[in-house]
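Structure record follows, encoded as structure tokens.
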Amino acid sequence: MIVQFLVGIIIGGIPLSVSLLLAGLGEMFTQRSGVFNLGVEGIMMLSAFIGFFTVYTIGSPILGIIAAMAVGALMGLLMGLVSITFKAEQGITGIGLFMFGWGLSGTLFRVYVGGVTTIKGIDGINIPVLSKLPVIGPILFNQNPLVYVAYILVPVASWLLFKTSWGLKVRAVGTTPAAADTVGINVVKIRYQSLVIGGIMAGLAGAYLSICQAHLFADNITAGRGFIAVALVYFGRWKPSGIMGGALLFSMAHSFQRLIQVYGINFPYEIAVIIPYVLVIVVLALTWKSQSLGPLALGKPYDREFRG
């Protein structure tokens, strides 16, 4: 019974971690370049709707995912225009982006769809033979394709950030943009590129929620995951492996509270529901000092004229 319960937590938790992991990895690149984007939730909401609506009208989940990623890239450019080019305060800009994405997605949904409607999304794949293996079979070999994509992106993101010249430029721009500028690195260009990558990843996270997980769109489908993804970047100390660990920790707590209800365990429902969110608060409270390990120029607009 206990083993079955624990395996159930893992099986349920891995799919729940994907949207957090994708959005968190994208936000990691953004913050590493020195830009603090609080608009991830809004990007995910609008991308989730656009992905859903593309499948709803055209019938192609692949095109839906591509459309969602394109919207994410455009939202990243919008964040860059306001916070980098116009040098607006990044926290306020991010909140504005969140409100814009949230409001526009809800409005478009009510105007062009009207009510909860299911679509034929992307289902999990059952790998023959391997999925029948005890314990690890259902955990590793019976997942949605985007689950594998998300976890493959962890080492890819690590390689890109720490093993390539572009990753070195991102880290330099996020730490000392003035010094990076003096050696010929285009600070504005690198920050825009990072925001676009972050937007694409947040867009993919939104598409996963509507196309792969829920097969529908609804108000609050993101349920605060965008903000949690931002928090996980701090928890993971701006490293892909740390963000992955944080995403799994939150999703396992979420899966735990779900299984408590499924198994009919005598545990207060209200407490079970808030466990994952309380966990995020506790973890952030315990790791707040890790902010000193982050990019030194995080949240600070760069003005080449003043080398600030």
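I need the calculated FRET efficiency for the pair Y277 and L77, taking r as the beta carbon distance and R₀ as 41 Å, to the nearest 0.05.
Numbers: r = 31 Å, r/R0 = 0.76.
That pair, Y277 with L77, gives E of 0.85.
Rounded to the nearest 10 degrees, the angle from helix 40-58 to the longest Cα principal axis of the chain is 60 degrees. Axis angle, to the nearest 10 degrees, between helix 225-235 and the longest C-alpha principal axis of the chain: 70 degrees.
Pick out which of G137, G51, G206 has the largest mean-square fluctuation in a Gaussian network model of the chain, springs linking Cα atoms closer than 10 Å. Judging by the Gaussian network model, the answer is G137. When chymotrypsin sites (Phe, Trp or Tyr not before Pro) are flagged only if DSSP places them in a loop and at most 11 other Cβ atoms lie within 10 Å, the longest unflagged stretch of the chain comes out as 87-305.
Taking every C-alpha pair closer than 8 Å and separated by at least 6 residues, the mean separation divided by the residue count of the chain gives a relative contact order of 36 percent. Each residue, T164 and K87, gets one label point 7 Å from its Cα in the Cβ direction; the gap between the two is 3.0 nm.
Which angle from 0 to 90°, rounded to the nearest 10, does the C-alpha axis of helix 2-32 make with the longest principal axis of the chain? Its long axis makes an angle of about 20 degrees.
We did not get these values from a lab; they are worked out from the coordinates using the rules stated. None of these values were measured; they are calculated from a predicted model. Counting neighbours? That spans all protein chains shown, and the Cβs are built from the backbone with ideal geometry, glycine included.
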